Amino acid sequence: MSFLESRLAMVLLTLILISTSVYIFPSGMPQPSHLLLLLPLFFLMRSLRSTKLDLPERLLLLFWAYSTSVNLFYWFLHGETGFLIASAHISYGVLLLLTFRHIFQVQPRLSICMLWTLLCVVPLLLYLAFFGGDALYFFKGRRLMGLFNDPNQMSYWLLIFLTASLLSPYKPAWLTPTLVAALLIPIWLLVFLAGSRSALLGLLFLTLAIGWWFFQDRYQARLVPMSGKGVLLSAAGTMLLLFLCLFLLYLFIEPVNSAAQDLWRRANGRSLLSHLEMRGYFRPFDMPEYLLFGAGQGFESRFSTRLLEIHSSLVAPLFYYGIIGWLLFYGFVYTLVRDRLSGWQWLVMAAPFIYGLFTYGLRTPVFWLMLASLYAITPTSRGSVVSNEKIIKARLSI
C-alpha cells in the first residue's frame, strides 16, 4: 500500500487543509499554510516524467505563460513590482493545482479531506463568533472574520470547502441531503455574521442545489424521473426553511440582529451602478484598447486613484489579460468540469464563480484546491448518459 492510500495521509492532508483557515501575517503576505500546501509537491516531482497533460491542463499552462508574458512586458515598461507579485500568485495557484491534481488522481478518496476540514473548522468558527471577543470581528465588532484577516476571506473559504465537499464522489454514506441542509444552517449564520454579500449570493445557489439534490434522491428511489416542477418545489422549500431559521436567530440572538442591520445599511448605501463602478465593471468600456491583449495586473493608479483593483473574478482576467487570457482561463475551467458534473452539481460549481462576480477570488489558494479536487471525479465520455450520481453511490462507509 502506498503512502497516499494510508489513513495517515488522510489525517495529514486534513491538518494541512485546516491550517488554511488560520491567517497569521497580514493579507498579501505568504501564510504558513501556503508553505505547508507545497509539501505534497514531492509526489508530483517523483512522477513528473509520466504525468500526462490533457486539454484543461494545457489551456491552464497557456494562460500561465500568457499572463506571465503580459505582466513581464508591463513590468519592463513601468518598473512596478505589482506585476511580478500578480504573476507570483498565478504561478503558485497553478503549481498548487497541478500538485493536488496528481494526488487526487492517484488517490481520489483523499478528496473527502475537504469535508473533514469543513466539519472541523465550522464548529470552531461558531465558538469564536459568540465567545471569541471583538478581536475576531472586523470594523469594531460589526463583521465576523474569525481567524482570517477579512470577513470575505472567511466567507469565501467556507463557500469553497462546501463546494468541494458536495462535489466529492467519495462522500460518506451518512452525508445525505438532509444532513447537508443541517450543515448549511451554521454556514449561512457565519457568512451572515461576516456580512459578505458575494458569499451570501453564492450560498443561495448552493442552497438551491441541495434542494434539487434532496428531491432527486427521492425520485430516484421511486424510479420516477424528476420534473422541473419538482426542482422548483424542492428549491423553494429549502429556501423557506433556511430563511425561517435565520429569522428566528434574528429575533432572539443579538449579534445576528446587529449583523442584519449592518448588512442592510451597506446594501442600501450605494446604487447598483455605483457598486459596479466600484468593482471595476466599467473599466473595460472606459479603456477598450486593453481588451485584446490585456493591461497587466499591477500599477492600478494608471487607471484610477480610487479603485486600486478590479473586484471581480469575471472582469479582472478580461481587463488584465485581455480576451486571449480570459478565454484561456475560463476555457480551462469549462473543459475541466464539462464531463464531470451533471444536474444539481452545476449549481454547486457555480457558487464560487457567483461570489467572483463582485469579489476577486482567483488568487486565493483554496480556490485552486477546489478545482484540483474535481480530478477525483471520473469524467464521463462526451454524449454519455452515465451520471456522476452513479459514481457518488460508491461512497465511503466512514
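Rule-based calculations on the coordinates, nothing more; no lab input. Since the structure is predicted, the reported quantities are computational estimates derived from the model, not experimental observations. Note that each Cβ is placed from the backbone with ideal geometry, even for glycine, and that neighbours are counted across all protein chains shown.
Set the Förster distance to 45 Å, then compute FRET efficiency between Trp174 and Glu309 from the Cβ-Cβ distance, nearest 0.05. FRET efficiency, Trp174 to Glu309: 0.60. Using alpha-carbon positions, what is the distance between the centroids of region 1-28 and region 322-364, in Å? Measuring centre to centre over Cα atoms gives 24 Å.
Modelled label positions at Arg218 and Arg302, each set 7 Å beyond Cα in the direction of Cβ, lie 5.6 nm from each other. Taking R0 as 25 Å, what FRET efficiency do you get between Asp262 and Phe130 from their Cβ-Cβ distance, rounded to the nearest 0.05? FRET efficiency, Asp262 to Phe130: 0.90. Centroid-to-centroid, using Cα positions, region 180-215 and region 117-161 are 15 Å apart. Annotation: extensible slack from Thr81 through Leu292 equals 73.6 nm (criterion: 0.36 nm per residue apart, minus Cα-Cα distance). Protection proxy ranking for 157-165, 181-189, using the average of other Cβ atoms within 10 Å per residue and placing the highest first: 157-165, 181-189.
Ranked by the mean number of other Cβ atoms within 10 Å of their residues, highest first, the peptides 340-350, 77-87 come out as 340-350, 77-87. Taking label positions 7 Å along the Cα-Cβ direction at both Ser342 and Ile24, the computed distance is 4.6 nm, reported to one decimal. Here the gap between His275 and Lys52, fully extended at 0.36 nm per residue and compared with their Cα-Cα distance, gives a gain of 75.9 nm. As a rough guide to protection, the peptides 311-317, 31-37 ranked by mean Cβ packing within 10 Å, highest first, stand as 311-317, 31-37. What the phi angles of region 80-92 give under the Karplus curve with 6.51, -1.76 and 1.60, with θ = phi - 60°, is a coupling list of 9, 6, x, 5, 5, 5, 4, 5, 5, 4, 5, 4, 5 Hz, glycine and proline written as x.
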